[in-house]
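Structure first, then comments.
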Amino acid sequence: MGSLEASIELIGDPQEPILYVNGKRYILPDGLAHTTLLEYLRGLGLTGTKLGCGEGGCGACTVMISFFDNEEDKINHRAINACLAPLYSVEGMHVMTVEGIGSRRKGLHKVQEVLANTHGSQCGFCTPGFVMSMYALLRTCKTPPTEEQIEESLAGNLCRCTGYRPILEAFRTFTKADSFLYWDDSAKASGVAVNRASQGGKICPGTGRPCDCGPEKKTGCCSVQEKPSEIKDRGELIFPPELMTRKVQSLVLKGAGDLQWFRPLSLPDLLDLKKRYPDAKLVVGNSEVGIETRFKNLRYPVLIAATHVAELNAIKVLDDGLNIGASVTLEKLREVMHACVKDRKAYEVSGCDAFLAQLKWFAGVQIRNVSSIGGNICTASPISDLNPLWIAAGAVFTLVDDSGLPRSVQASDFFIGYRRVALRKGEILASVFLPWTRKNEYIKEFKQSHRRDDDIALVNAGMRVHLKEETGKWLVSGISLVYGGVAAVPVRASKTETFMQGKVWDKSTLEGALSELQKDIIIADNAPGGMAEFRRSLILSFFFKYFLMVADKLQQDENVQHEFSERFMSAADPYKRDISSGMQNFKTIVDGSAVGQSIAHVSAELQVSGEAQYLDDEPLPPNGLHGALVLSTRPHARIVSVSYREAETVPGFAGYFCAKDVPGGNDIGAVAHDEELFATNVVTCVGQVIGVVVADTQYAARAAALKVKVVYEDLPAILSIEDAIEAESFLLKAPRVLSKGNVQECFASGKCDHIVEGTVQMGGQEHFYLEPHGTTVWIQDGGNEVMMLSSTQAPQKHQYTVAHVLGIPMHRVVCKTKRIGGGFGGKETRGFVEAAAAAVPAYLLRRPVKLVLDREVDMAITGQRHAFLARYKVGFTNEGKVMALDLQIYNNGGNSLDLSDAVLERSMFHSDNVYVIPNVHIFGNVCFTNIPSNTAFRGFGGPQGMLVTENWIEHIAKTLGVPASKIREINLQGEGYELHYSQVLENCRIKQVWSELKSSCELASRMHEIDLFNKKNRWKKRGVAMVPTKFGISFTTKFINQAGALVQVYTDGTVLVTHGGVEMGQGLHTKIAQVAATAFDIPISSVFISETSTDKVPNASPTAASASSDMYGAAVIDACNQIKERMRPLMSQYDSFAKLVMACYLQRIDLSAHGFYITPDIGFDWKTGKGSPFSYYTYGAACAEAEIDCLTGDSHLRRVDIVMDLGHSLNPAIDIGQIEGAFVQGLGWVALEELKWGDKAHPWIKPGYLFTQGPGTYKLPTVNDIPIDFRVSLLKDAPNPRAIHSSKAVGEPPLFLAAAALFAVKEAIASARAETGLHGWFLLDTPATPERIRMACVDDITARFASADFRPKLSV
């Protein structure tokens, strides 16, 4: 057996480690084994590839790797996550980034072009990842991809802005082999119309354009036999010829901290390395080791890449089964299993069917492309989706020791403890044997998670049974029932298996087995992960589903009639999602040259090509440093001591700064200065900033920050709203109160035929903007000026806070923001903390400092949407007319006030939603708790207030036994109605919106169809709900309703606009450009929107409250009108704007103007509780139809219809994108996204810690969660006299309409409960996760573990 060094000698002189990136050859230096591909690419200046999460969960870092497979004699293309891929893992490959496939200068690739043109990019931060996922799919497919393939390929990419629909519609173009989109642009530019696709050509999966080569040809752009050239037709990069002939070599390389990286080529070499380094970690996809080193701070001194060991990459189809090498990737396994299913007898591949079904929902394509089966097995995760299946299917693992001696171990004997397997020292897993199934042998997979796509399991299972006929009865000959997520290792239900052996597959066996299974697998009440009742129910539910599925299969295969009614067989139906579709209905009202047109986002082409720059893409100025925060690890404690002595030993360390180093004031805050920049004596939450470390690299800064030692003395902590109420722990000096009429008198008068009471609680929501918080600060002019780039919605707040902390006047601080990768309110205030923290060392050291938060830090410290708790008492008549409402409402402010006061106030303003309530009393307060301060989030308390309202509306409906839609309709407000805070409604169109939606969504007929479906199906239920909304437009704090803009006209007739608003994907700059173009009657291409900067437009209000288009648009119009008034004397003399401008210039007419706008006729007095806080209201309504699986709690939306009143839309395409994006974000809030804190409800989490700190544990909606049928309409002929060009604000109002999905799910649950005789009102907290849905669908299974009124735990 040769050593690794010997193997290097065998291939001749060692070659330089190389990598091709976008056609350019790079020699990889030694010493970078700790570096990810993403870090390397961004170091090359290829910043289109983004860092969104660092754990392969968001897809923003997607790139395509290409490599030549000598065995198959072909080039393979794969999408991967660059954030997880070690740099050396792609040695000898070609990496394509978004910059490599197209640019504005060289021409966009069709993938980029179609995405830009169909409004598929809003903030743009996630866009390059989507582009590269689609591009890689096209390069992989031999024929045009199917719609299903496209949706599956995008499952590993998250978007927080668009709602996914326009992205899917853009990419569906590529399902057609012939398309008008494939015109040859170069020919068209020459005046020659050539459409090669129409001439019978094929679409090249490499270029997305027609080509002449097909599967029968060996030359052309689809072939590997290309002429050596760096680029080809229209800049499309070819696979580097060198990589097709270059011999693969072993690698011995190093990294930081004495890390060693080996890449052997043969099994003997790998075993020799394992012998020399018995504790070395084997890596293939790095999806586990990468997480451990980044997030758990584990260090492995030796890593052995098993990616190129031929023996471990082999997969053989044998007569008795599949033999799979341990390094075979999950995606390769899928491909082979698909072929086996196609080629072999159906009964032989039951195991393959189960694995394929499980792999479909296993991570994203990017992870499956690199993760190996051996890594997945040996990680021994208790929630592994595949390990229970290996055991159930009777798989055999072949292990090899360092002497080459193999031994076989049954999969059932391999897992021996938490993350421990039966590998002896020096052994590796070499291969897995999966036997074919026999006739009448059935294997089935099960998995339930928070989210269907790309999510870890809560409980999973693999089940197998073999049935034999004896004396006319089908008996159990062999059975395996294996569960994951229930213990430290996969667990076999051995007692249940024994019970079933030899039994007939009938109802009596099912009932007995369920009883055995309940006793067989026990989950303790305090089990890690919580949800004990739900997980227990899943154990039985999975088996129940399996039993019915086998009974159905037996009936199909052997004509054995089962005993179960057809109503029950829905339990056996597997989930299959239809292809999603959308419909948009609006009337275009063009005003002038640009307003009213569906113009694409002005930065769309920059974003799809990766050329759009965000904070972290900007190069750090020379001599710059990176910052990392030192954070509290206690929810409430006294700081005893802080030592940074160990941090000083980290190479590159440049300093530690804390409260004593602050030149100015250490007191900060959004409104009240009730926070400390750096904690001094006491910390009041986990994640509070204690200090900041700066170093020459981000890697060094992180490492040094972890070495700062803080000693604490713990103090009592308040961790929930209920705890705060009990302790009278509030942030307001006095509670807020709104009143109308006399509630108590109404209750006592007899006018109310019914009075009901209830409690509503809802969890918070993480913003999860794809671009984390970040700031770069540097000093100019010898310390006289402080410059700052920030990812913020409020540059003025950053300017003010930094000036205050440094003790200098504001006019010496400039904050600039080009664009931000999403904000949603989360970047309105909390970003000033890291801005000020970076400013202190930058100012004192006179060196630039960049501080960008890692995703897990961002989520842990920057606050979320407020959790709310409300208690209501409502009186109403027999007809359903609401007479009186008494409401107490509390939000969880966290450890400082921030904007919680204003959030509470808006929730109180919106606590009527759209309903007439003659008598109202609302009491509100903000709770102080020991969690990070919560903050603004899209809707700003309005959705929470309206959700409380819709809960008691539903309560009324259930009490009266009528549809909730009827209660809503008879209580709708109308023109001239006086609200509970004295504002009178003008131009109220909610009844018109409601009527149009009710008609277009065919509510009555669908309710009838759903009723029929529910009668026919016991275990699948559907529900439909229609919900309205009314959202007030304006900041509720009067002075913030002001806006400024600077308009400058240049002598060539072009216009530069600078305004105080921030572009964060909402299309603000696009709309402002349209407004300016229309004002001057020029093309929109003649208008450019500059960066937002405090030295151009001073004292700007935050970009928030959905009011920015209104306010900044009006300010721009004011400035344009000033210039036009000066031009007026010369206007009639010139036939073009450019000539007019030059004439004005020559006449010394000022062509620059500052515009200003204040929102008129608004104001509110909390002392009297009266006023008009809003300029106008945006109205909307949605109808949602949902389907649930009563046995698992799984749900999906079959159809959603939305009608919005947006006046005369400034840009219908942008506005519809905002509606869809807001709805899907709202869907996350009501149905998916659950924050879990270390509180009384979750004792398995450390006190005060946020458990859900990244996409691995916190689940956003994906492309497969959006409504299957998504229809959006804008109300026609509904001008708004209160805003520019008769338009209306759109950003926040649609979010609440996702409540229709919540109540549709609740209607489906009600149908399930009715099956067991439960017909009354019941609680369903938000988010309505599978746990809450399943436990509310009370049946014989849940009754074994919980009462009918069981309420799953929630962090509130």
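The values are calculated or read from the model by the stated rules, or taken from the named source; none is laboratory data. Treat the numbers as computed from the prediction; the structure is a model and nothing was measured. Because the Cβ atoms are built from the backbone with ideal geometry, glycine has one as well, and the counts that use them run over all protein chains shown. Remember, those area values only see protein heavy atoms, side chains included, never the ligands or the DNA or RNA. Shrake-Rupley method; radii C 1.70, N 1.55, O 1.52, S 1.80 Å.
Trypsin sites (Lys or Arg not before Pro) within region 686-762: which are DSSP loop residues with at most 11 other Cβ atoms inside 10 Å?
Numbers: sites: ARG702, LYS707, LYS709, LYS733, ARG736, LYS740, LYS751; in loops: LYS707, LYS733, LYS751.
Answer in residue order: LYS733.
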Inset, instruction - In whole Hz, with x marking every Gly and Pro, tabulate ³J(HN,Hα) for region 884-891 from phi via Karplus 6.51 cos²θ - 1.76 cosθ + 1.60, θ = phi - 60°. - result: 7, 9, 10, 10, 10, 9, 10, 10
Legend entry - Hz values of 3J(HN,Hα) by residue in region 755-770 - Karplus curve (6.51, -1.76, 1.60), Gly and Pro given as x: 9, 10, 10, x, 10, 10, 9, 9, x, x, 8, 7, 4, 6, 4, 5
Legend entry - Within region 33-131, trypsin sites (Lys or Arg not before Pro) in DSSP loop having at most 14 other beta-carbon neighbours inside 10 Å: ARG104, ARG105, LYS106
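About the Cα centre of the chain, how large is the charge dipole given +1 on each Lys and Arg Cβ and -1 on each Asp and Glu Cβ? Please answer in debye to the nearest 20.
On the way: 140 positive and 151 negative charges, 54 e Å.
Dipole size: approximately 260 debye.
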Inset, instruction - Could you tell me which of GLY92, GLY120, SER133 has its Cα farthest along the dipole of region 52-160 towards the positive end, charges placed at Cβ (Lys, Arg +1; Asp, Glu -1), taken about the Cα centre? - result: GLY120
Inset, instruction - Name the longest site-free stretch of the chain, where the excluded sites are GluC sites (Glu not before Pro) in a DSSP loop with no more than 10 other beta-carbon atoms within 10 Å. - result: 729-1356
Inset, instruction - State, as an integer percentage, the relative contact order of region 1031-1070 based on alpha-carbon contacts under 8 Å between residues 6 or more apart. - result: 25
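Which percent of the Cα-Cα distances in the chain go past 58 Å? Provide the component values of the computation, followed by the final result.
Values: 154370 of 918690 pairs.
Cα-Cα pairs of the chain separated by over 58 Å account for 17 percent.
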Legend entry - region 380-484, dipole about Cα centre (Lys/Arg Cβ +1, Asp/Glu Cβ -1), debye to the nearest 20: 200
Legend entry - Greater than 24 Å apart at Cα, pairs in LYS881/LYS1306; LYS360/LYS444; LYS296/LYS1236; LYS587/LYS1306; LYS447/LYS1236: LYS587/LYS1306
Legend entry - Accessible-area order (highest first, 1.4 angstrom probe) of the listed residues SER1034, SER643: SER643, SER1034
Legend entry - Integer Hz, Karplus 6.51/-1.76/1.60 couplings in order for region 1142-1149, x for Gly and Pro: 4, 5, 5, 4, 5, 8, 6, 8
Inset, instruction - Using label points projected 7 Å from each Cα along Cα→Cβ, tell me how many nm separate SER408 and LEU318, to one decimal. - result: 0.7
Inset, instruction - Can you sort ARG846, ARG1006, ARG1282 by 1.4 Å-probe accessible area, starting with the largest? - result: ARG846, ARG1282, ARG1006
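Nearest 0.05, what FRET efficiency do GLU566 and ILE416 give at R0 = 45 Å with Cβ-Cβ as r? Write out the running numbers ahead of the final one.
Numbers: r = 45 Å, r/R0 = 1.00.
Efficiency for this residue pair is about 0.50.
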Inset, instruction - Calculate for the chain the 222 nm mean residue ellipticity that helices alone would give, adding -39,500 (n - 2.57) per DSSP H run of length 4 or more and normalising by residue count, nearest 500 deg cm²/dmol. - result: -8500 deg cm²/dmol
Inset, instruction - Using only protein heavy atoms and a 1.4 Å probe, report how much of MET583 is accessible, in Å² to the nearest 10. - result: 100
Inset, instruction - For a label point 7 Å from the Cα of ASN742 along Cα→C-beta, name the residues of region 974-1014 whose backbone N is under 20 Å from it. - result: 980-982
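At a Förster distance of 30 Å, what's the computed FRET efficiency of PHE1156 paired with VAL984, Cβ-Cβ distance as r, to 0.05? Present the calculation step by step, with values, prior to reporting the outcome.
Working: r = 28 Å, r/R0 = 0.93.
Approximately 0.60, to the nearest 0.05.
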Inset, instruction - Work out how much length ASN117 to ALA734 would gain on full extension: take 0.36 nm times their residue separation and subtract the Cα-Cα distance, in nm to one decimal. - result: 216.9 nm
Legend entry - Reachable lysines, given that their alpha-carbon falls under 16 Å from the alpha-carbon of LYS495 and they are not under 8 places away in the same chain: LYS503, LYS519
Inset, instruction - Collect residues whose amide H, placed 1.01 Å from N in the peptide plane, falls under 5 Å from the amide H of SER449; neighbours closer than 5 in sequence don't count. - result: LEU458
Legend entry - Which of THR1192, VAL814, PHE415, positive extreme of dipole for the chain (C-beta unit charges): THR1192
Inset, instruction - Give me the number: length gained by fully extending THR680 to LYS1276, i.e. 0.36 nm times residue separation minus the C-alpha to C-alpha distance, one decimal in nm. - result: 208.8 nm
Inset, instruction - Quick one: check the C-alpha center-to-center distance for region 416-480 versus region 1286-1329, whole angstrom. - result: 37
Inset, instruction - At 7 Å along the Cα-to-beta-carbon direction for both THR649 and VAL962, put a label point, then send me their distance in nm to one decimal. - result: 7.5
Legend entry - Shape of region 733-820, Cα gyration tensor, a/c cut at 1.5: prolate
Inset, instruction - Express in nm, to one decimal, how much length is gained between PHE1013 and ASP1349 on full extension, taking 0.36 nm for each residue of separation and deducting their alpha carbon distance. - result: 118.4 nm
Legend entry - region 56-146 - Debye-derived log10 I(q)/I(0), Cα point model, q = 0.10, 0.13, 0.22, 0.26 Å⁻¹: -0.28, -0.47, -1.19, -1.41
Inset, instruction - Apply 1/(1 + (r/R0)^6) to the Cβ-Cβ distance of ASP1095 and MET1142, taking R0 = 35 Å, and write down the FRET efficiency to the nearest 0.05. - result: 0.75
Legend entry - Within region 314-403: Cβ-based charge dipole about Cα centre, in debye rounded to nearest 20 (Lys, Arg +1; Asp, Glu -1): 320
Inset, instruction - Measure off 7 Å from each Cα along the Cα-to-Cβ vector at LYS425 and VAL711, then give the distance between these two points in nanometres to one decimal. - result: 3.9
Legend entry - Selection from VAL396, CYS378, MET788, by position along the positive dipole direction of the chain (Cβ): VAL396
Legend entry - Label-zone membership for region 503-528, site GLU470, 7 angstrom Cα→C-beta point, backbone N under 14 Å: 503-505
Inset, instruction - Run the 1.4 Å probe and let me know the accessible area of ILE1245, rounded to the nearest 10 Å². - result: 10
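Scan region 509-602 for trypsin sites (Lys or Arg not before Pro) in coil per DSSP, keeping those whose Cβ has at most 16 other Cβ atoms within 10 Å, and list them by number. List each step's numbers first, then the result.
On the way: sites: LYS519, ARG535, ARG536, LYS545, LYS553, ARG567, LYS576, ARG577, LYS587; in loops: LYS576, ARG577, LYS587.
Hits after loop and neighbour filter: LYS576, ARG577, LYS587.
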